[in-house]
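Right, one structure below, let's go through it.
The values are calculated or read from the model by the stated rules, or taken from the named source; none is laboratory data. Computed from a prediction, not measured in an experiment: that's the story for all the values here. For neighbour counting, all protein chains shown are included, and Cβ atoms are generated from backbone atoms with ideal geometry for every residue, glycine included. Surface accessibility is based on the protein's heavy atoms, side chains included, excluding ligands, DNA and RNA. Shrake-Rupley method; radii C 1.70, N 1.55, O 1.52, S 1.80 Å.
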Amino acid sequence: MKVGFVSIFGKPNAGKSTLLNALMGEKLAIVSPKVQTTRHRIKGILTEKEYQVIFSDTPGIIEPRYKLHEKMMQAVKNSLEDADLALLLCDIRDDREENDQLFQALKLQSPGIVVLNKIDGMAPEKVTEAAAFFTGKPYCREVIAISALKKKNIDGLLAAVLSLLPDGQPFFEGDDLTDLPTKFFVGEMIREKIFYLYGDEIPYQATVLVQEFKEKSTLTKIRADIIVQRETQKGIILGEGGKMIRQLGTEARKDIEEFIGRKVFLELFVKVRPKWRDTETFLKEYGYS
Ligand SMILES: Nc1nc2c(ncn2[C@@H]2O[C@H](COP(=O)(O)OP(=O)(O)OP(=O)(O)O)[C@@H](O)[C@H]2O)c(=O)[nH]1
Ligand SMILES: [Mg+2]
């Protein structure tokens, strides 16, 4: 049986979370058009008779500006340390030299596959050109071109992954897709809606903490706090007469219901915690450690 840990690395917005979801055939990681959506390492366990691949989605690699960023980059580091294989994801429209520098700076201890993403709508010669650029780089065993969004060549990528993995015994039993609790995904689904509904800095100043998750006979009751840094941000999250938070709640509830397959009663509260992104105790409380 082919078994191994395969981590997805790349710049913010390259499509790492979209790729994890495409590989898993299931939405595990939240996705948005904005950069720095992912803040944690998210494992997806893909088990078949002939293989078990533990994929890790990671935060986009950035220069840390506050403690939350440092935690995010620690998640990248952890995923580097136990990787048997690295998928180096590059948005094909993005600057190649910059990606090259970033991939070099990772100092991979494992083989790497450069994955050119977002080839949908790209001229084939552009893809060939980009592939030629990365071929032969020290971190690059192979170049694979895909569209994570359109699920193009995901099978080809999986085949390449399996060919580079060692034989072994499975790490995870049963049919679990991930090692993270449902509560985590609930918080993430609420956070995803924040990325879509609010502009500018709000998504970056906010986090979500699920305070209660109770399975009742006919539905699941969930209570979550949305944490922001300033009173003005609380006002924006709420919206006029609470209009925005109602919309947020409705949209998030639909996704959560689909995810857990049960009716959900979702209650949201907004709390102000100045400088939570730079405060160790808050970061720990909110699951960033
Ligand atoms: N056209 C196109 N868009 C894509 C593709 N893959 C991802 N995207 C889009 O790119 C944007 C970013 O996708 P994410 O999966 O959130 O990117 P990420 O690398 O996880 O981003 P961070 O978590 O912020 O580092 C979203 O709007 C996706 O829909 C693709 O193959 N083609
Ligand atoms: Mg992501």
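A few notes on this one:
- Reachable lysines from LYS2, criterion Cα separation under 30 angstrom, eight or more residues apart if same chain: LYS11, LYS16, LYS27, LYS43, LYS49, LYS77, LYS107, LYS118, LYS137, LYS150, LYS151, LYS152
- Taking only Cα atoms of region 137-289, radius of gyration then Dmax in Å: 19.8, 59
- About its Cα centre, the dipole of region 173-222 is roughly 380 debye, where the only charges are +1 on Lys and Arg Cβ and -1 on Asp and Glu Cβ.
- For the chain, accessible area per residue (1.4 Å probe, heavy atoms of protein chains only), Å²: 48 Å²
- Cross-link partners for LYS243 among the lysines, with Cα-Cα distance under 25 Å and sequence neighbours closer than 8 places in the same chain left out: LYS34, LYS193, LYS221, LYS234, LYS254, LYS263, LYS271.
- Couplings 3J(HN,Hα) of region 245-261, computed from phi: 5, 5, 5, 4, x, 5, 5, 5, 4, 4, 5, 5, 4, 5, 5, 9, x Hz, in residue order, whole Hz [Karplus 6.51 cos²θ - 1.76 cosθ + 1.60, θ = phi - 60°; x for Gly and Pro].
- Fraction of accessible area attributable to carbon and sulfur, the chain (%, probe 1.4 Å): 50 percent
- FRET E, pair LYS254, ALA132, Förster distance 45 Å, beta-carbon r, rounded to 0.05: 0.50
- Summarising the amide proton neighbourhood of GLU142: residues at separation of 5 or more, or on other chains, whose placed amide H is nearer than 5 Å comprise VAL114.
- Evaluating 6.51 cos²θ - 1.76 cosθ + 1.60 at θ = phi - 60° for every residue in region 30-41, the Karplus couplings come out as 6, 9, 8, x, 8, 6, 6, 6, 7, 10, 10, 7 Hz, glycine and proline recorded as x.
- Nearest-ten-degree value, helix 182-197 long axis tilted from longest Cα axis of the chain: 90 degrees
- Under 5 Å, built H, 5+ apart or other chain: amide partners of THR220: LYS263, VAL264, PHE265
- In region 69-189, one over the average inverse separation of all distinct C-alpha pairs is 16.3 Å, which is the Kirkwood hydrodynamic radius.
- Spatial separation of Cα centroids for region 198-265 and region 100-175, in angstrom: 35 Å
- Where GluC sites (Glu not before Pro) in DSSP loops with at most 11 other Cβ within 10 Å are excluded, longest remaining stretch of the chain: 51-172
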